[in-house]
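A short write-up of the structure that comes next.
The values are calculated or read from the model by the stated rules, or taken from the named source; none is laboratory data. It should be emphasised that the depicted structure is a prediction, and the values quoted were computed from it without experimental measurement. Here the Cβ is made from the backbone with ideal geometry for all residues, glycine too, and neighbour counts use every protein chain on show.
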Amino acid sequence: MRFHIHFWVPCSCIERARMALKNDPYFLLSAFQPLNMNPEEYDVIFIGYPIWWYTLPMVLYTFFDTYDLAEKTIVPFNTHAGSGDGGTYNEIADFEPDAAVLDGLALSGSSVGADSAQQIDTWLSGLHLR
Ligand SMILES: Cc1cc2nc3c(=O)[nH]c(=O)nc-3n(C[C@H](O)[C@H](O)[C@H](O)COP(=O)(O)O)c2cc1C
């Protein structure tokens, strides 16, 4: 199994807030570094993100527009400050109707601590990935 971990948030929190407020997908796309890998080459794709304005960060709309993830297994996970997953797991399933979207994990950013490792392990085990 190959793993590729890519962090797609190279700018500061203040910049992120400004970009989210601007709410312009093209602006967001141009603000983020392009991926240096092709997700279409992977079978299982973990997609992690914070909830912004009750939903996915705009750049992920661009991501789902850019790549065809049909027949892939998508594993969403997110942090939030009260919104849970904000319905984003269902939204991802709508964007990628031919992918298998597994149960996600929503973690409250302010509650993440040492005991979160157990919660994450339990979630990962429950996915039954090989
Ligand atoms: C622009 C912006 C909008 C946000 N909107 C929401 C929101 O609608 N719901 C929510 O639960 N958290 C929201 N958050 C909080 C982030 O989800 C949270 O900061 C992130 O999950 C990381 O957690 P941490 O800041 O504790 O590290 C927002 C954060 C930012 C910067």
Every residue from the range 41-91 that is assigned to a helix (DSSP H, G or I) and within 11 Å of the ligand (Cβ to nearest atom): M58, T88
Tally, over the range 41-73, of residues that are at pLDDT 90 or above and not hydrophobic (A, V, I, L, M, F, W, C): 10
Failed condition for A99, given (1) surrounded by fewer than 16 Cβ atoms within 10 Å (Cβ to Cβ); (2) at pLDDT 95 or above; (3) farther than 20 Å from I120 by Cα: (1)
Enumeration of residues in the range 43-69 that are under 10 Å from the mean Cα position of the chain (by Cα), in contact (Cβ under 8 Å) with a residue 40 or more places away in the chain and under 24 Å from H128 (Cβ atoms): I47
Long-range neighbours under 7 Å by Cβ, at least six apart or interchain, first residue under 11 Å from T55 (Cβ atoms) within the range 70-94, second exposed (fewer than 14 other Cβ atoms within 10 Å of the Cβ) and of a type in the set (F, W, Y): S83/Y54; G86/Y54
